[in-house]
Structures are given as structure tokens and as C-alpha cells.
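Read-outs throughout are calculated quantities, based only on the coordinates presented, and are distinct from any laboratory measurement. Since this is a predicted model, take the numbers as computed values, not measurements. Glycine also receives a Cβ, built like all others from the backbone with ideal geometry; neighbour counts cover every protein chain displayed.
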Amino acid sequence: MNRRDFFTTTALGGASSLLGSSLVFPETAHANASEMFAAVPAARMKLSFKPYTLELKHPFSVAVNTRTTTPVVLTTIEYGKFKGYGEASMPPYLGESQESVMKFLSKVDLSKYDNPLELDTILSAIDAIEPGNTAAKASVDIALHDLAGKIMGQPLYNVWGLNKEKTPNTVFTIGIDTPDVVRKKVREVDPQFKLLKIKLGRDNDREIIEAVRSVSDKPLVTDANQGWKDKEKALDTINFLKEKGAVLIEQPMPKEMIDENAWITERSPIPVIADEAIKRLSDLIKMKGMYHGVNLKLMKTTGLREAHKMITVARAFGMKVMIGCMTETSCGITAAAHLTPLVDWADLDGALLIKNDAFKGLTFVDGKITLPSAPGIGAVPR
Ligand code: MG
């Protein structure tokens, strides 16, 4: 079998099943794709990467820290005339850095794979290089999905068989601040978004919520970021939040306090969503029954492939699903957005919080996530 036949009969058919796709390639797309492969018979995948620093528009505070920049690493996988883009974002409290990501990526050799569409094979091997390094792994996963979609000539939502009209509204996040600043920030964004996310977990939670309520009646997504240490007090605060129009609470107590978080889940009038407590699929299985739902972020899940599996497992467990993000460019954010037709809530405002977004991708129309229809992720370097 020559190379062209191999790709025509094996790779493309195999790719649609590996990606969990219901996509059937029309004859014309098939012919075009094989011509594309025929045009690059000697192509090998090549991974490149560079550090980049995201500058935040405003200093951002959550229960555990404040920052004004976020380090990222931007990745590119070239394959003939195709280029897939990805990214790793490393908020410092998660333990990865530009150095650790670049060190990990220097161990990734994509040139040994003949077929860039064998995502399961390639990404499983990369996952096995070393434990941890979830953002570094995500940066390859995202670029490889982008590349695969571009080779197939389809946006990722089509590859996965999803309806792009079913994307939810994104929430917009208000960091912890003084009541005056919170009021000012909420006033600024209130007309553009249907849901606001309010960061809590210090000692002024009620004051902040009252400040928000003095200027907005939007439903609130609330997040304590592990900031509460007493379960009875936490439940009291959650009851107060419910009265004030909160629709969910993320990570009320430290992730290690499993029984206390589960105690709250049993009693809470609104869904209790795990964030810090669940990074990967194995955590989701361990935490079954402890939370009502999970907030998935590509930088925790090692990318799109595992996030997609986690959505399936979470649904089988009867759990709610949210997709969130770190501070990221529109590359990582748009990649995550392609999964949002499958979820209950999306918190994908990360690129709106930065001054120097390196990509153009998803847009928000009245707060609703609007996916680009170009092949792959559809994010374009600026
Ligand atoms: Mg959170």
C-alpha cells in the first residue's frame, strides 16, 4: 500500500473514531484530504515552543493570592503545510513554570509518529513521559487537536459531532477587591454578560456580595477557592449566597478536607462544584459522590482529549459539568470552548482579562460563546 492509500483508507477513518467523532467524510473532502497528504509525503511533525508573558488588565486576586502577570508557553506543531497551535498557562500556585514546561517539551519527540491523527497513541505516550506536568501536556494536546482538525478540514466541534449553537453563556469573573472596586468592576461588565462569577473565601464575603447586588441582579457563580475552613460557617454562607441569587458554589473548603466538602454537598441548596479537588480523570473517579459537579480546565486535565472523557464520565455519575480556564490566550480558551456544547456552565473569560492576547479566536455575543468555524480550533495568531 502506498502512502497516499494508507492515509486515505486508514488514517482518516481511524481519526474519526479516535476523536470520538460522528463525522462522516464526504467523498470530496476525502479526495482533498488525500491530495493534501500526497502533497506532503515526507512530512514529519515538528514541535516548537516559546515563553510568553500575559499582562493582566487589572491585578487579579483570589482567596490565596494576587497577581498582575501570568507566564505561558506557546506551542506550534508543524506538519507539511499545516500548523497546529497550543499553549500552557502556569498560574504560579499550580507548581509549573515556563522552565518546567520547556524542560518537559524538550523530551517530546513527535518526529517518530507517521500519522498525526493518531491522537490516542501520541498523547498516551506523552502522558507517560513523566507524571504531573499537566499544563505542558495540555500544550501538546491542544496543538495536536488543532493540527488534526486542520488536516481534516473541520472545526473541532464538527470532529466531535457537536452543535456549535448549543454553546452556553460565559460567566465573567470579578476578583476579590474592596466593595468600591467590586461595584465599579461589576458596573463595567454587567451589560455584556448574563452571569457573573464572584470570588470569595476571605473574611468579607457578605460585604462583597452586597456590593455586587447594589449594582447588578445577574445570577452569580460563586467560588471560595478553598478559602473556608469551618464547614458549619461555610454552609451558612452558602445559604446566604442562595438567597442572593447564587447558582453554584465552587470548592468551598480545601481539597484535602474531603469529608467536610462532602458534608456541605449533602446539605447545600445549590450545586457544589469541585475545582482544585479534581484535576484529572482519576481524581474524578476518586471523588465520586463528594461533589455535585466538576469544573474542568485544560491545564489540569492535560488537554482536550482527557477533558472530553471526563465529561462523559461525569455525566455517567450524574454530575454537573463546568468548563473553566486559567489566564490564557484565545488559543487555549477557544480550544476549551469547542467542548462547551456538552456542559452546563462555562467560565471562559481568561483572554478578556489580558492586554496582550496573542491570538484571535472565540467571540462573545451578549455573553454567549461564539465559536469560529475555521478548521481545528480556529484561533489565529495576531
Ligand atoms: Mg475555581
Q | Proximal aspartates and glutamates relative to K50, as straight alpha-carbon distance under 20 Å, when same-chain residues fewer than 8 apart are discounted | A | E78, E87, E96, E99, D109, D141, D146, E328, D357
Q. In nm, what is the difference between 0.36 nm times the number of residues separating A316 and T53 and their Cα-Cα distance?
A. 90.8 nm
Q) Of K233/K255; K57/K360; K107/K288; K255/K355; K107/K320, which pairs sit farther than 25 Å apart, going by alpha carbon to alpha carbon? A) K107/K288; K255/K355; K107/K320
Q.
5 Å is the cut-off here: which amide hydrogens, built 1.01 Å from N in the peptide plane, fall below it relative to L195, excluding neighbours closer than 5 in sequence?
A. F172
Q) Once the Cβ-Cβ distance between S282 and M102 is put in as r, and R0 is 25 Å, what FRET efficiency do you end up with, to the nearest 0.05? A) 0.45
Q. What FRET efficiency, computed as 1/(1 + (r/R0)^6) with R0 = 41 Å and r the Cβ-Cβ distance, is obtained for V181 and N239, rounded to the nearest 0.05?
A. 0.95
**Q.** For segment 224-354, Kirkwood radius (reciprocal of mean inverse C-alpha pair distance, Å)
**A.** 14.9
Q.
Give me the dipole magnitude in Debye, nearest 20, for the chain about the Cα centre, with unit charges on the beta carbon: positive for Lys and Arg, negative for Asp and Glu.
A. 500
Q) Taking segment 121-212 on its own, what percent of its Cα-Cα pair distances exceed 19 Å? A) 64
(Q) Taking the beta-carbon count within 10 Å as an exposure proxy, list W345, W263, W160 from fewest neighbours to most. (A) W263, W160, W345
Q) How high is the FRET efficiency from S61 to T121, r the C-beta distance, R0 41 Å, rounded to 0.05? A) 0.45
Q: Pop a pseudo-label 7 angstrom from the Cα along the beta-carbon direction at both K112 and S214 and give the gap in nm to one decimal.
A: 6.2
Q.
Can you give me the long-range amide H partners of K320? Hydrogens built in the peptide plane at 1.01 Å from N, cutoff under 5 Å, separation of 5 or more residues or another chain.
A. G293, V294
(Q) How big is the chain along each principal axis, measuring the range of its Cα positions in Å and listing the largest first? (A) 69, 39, 39
Q) When the Karplus curve 6.51 cos²θ - 1.76 cosθ + 1.60 is applied with θ = phi - 60°, which whole-Hz ³J(HN,Hα) does each residue of segment 188-205 get, with x for Gly and Pro? A) 4, 9, 3, x, 8, 10, 8, 9, 10, 9, 10, 7, 10, x, 9, 9, 10, 4
**Q.** Stretch gain in nm, segment T69-E266, where the contour uses 0.36 nm per residue and the Cα spacing is subtracted
**A.** 67.1 nm
**Q.** Rg and Dmax [Cα atoms of segment 162-381; Å; Rg one decimal, Dmax integer]
**A.** 16.8, 50
